[in-house]
Amino acid sequence: MSDRNGPDWEEKLEQKFKDLEAEINNKTSPVRPFNPKEVKNNETVSRVTNWFQGLETPAKVGVAVVGVIVGLSVLNGVLKLVTSLIVVGILGFVLYGLYRALIQNKSK
């Protein structure tokens, strides 16, 4: 106990604390938060490829069939949207022509 009462005890404790703090600061590196935009497409493709290659043959066939069905469904939806836009454009053109032919001529 006489060792704690001396003036050297506080200095030794402070020095030990500074040494531990310096050791911790040297060992730890700053951690960056996860940013999904930093993940490269190649990493994602390689992870999917590795996953797909790890499947058994019947599972690969099933995944391929589901992929084709989903792809064709998306393509079907896009084509229906384009067709609807074309029909609306043609209908608008016809209605504008009728407006100019019938209503605008009567007002003159």
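The values are calculated or read from the model by the stated rules, or taken from the named source; none is laboratory data. No experiment lies behind these values; they were computed from the predicted model shown. Virtual Cβ from ideal backbone geometry, glycine too; neighbours counted across all protein chains shown.
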The condition of being under 23 Å from the mean Cα position of the chain (by Cα) and either exposed (fewer than 10 other Cβ atoms within 10 Å of the Cβ) or in a helix (DSSP H, G or I) (or both) holds, among Val70, Val82, Val87, only for Val70
Would you be able to tell me the number of residues in segment 3-40 that are at pLDDT 65 or above, of a type in the set (S, T, N, Q) and exposed (fewer than 10 other Cβ atoms within 10 Å of the Cβ)? 3
Only one of Gln104, Gln53 is modelled with pLDDT under 90 and either out of contact with any strand residue (DSSP E or B) (no Cβ under 9 Å at 6 or more places or on another chain) or on the phi < 0 side of the Ramachandran plot (or both); which? Gln104
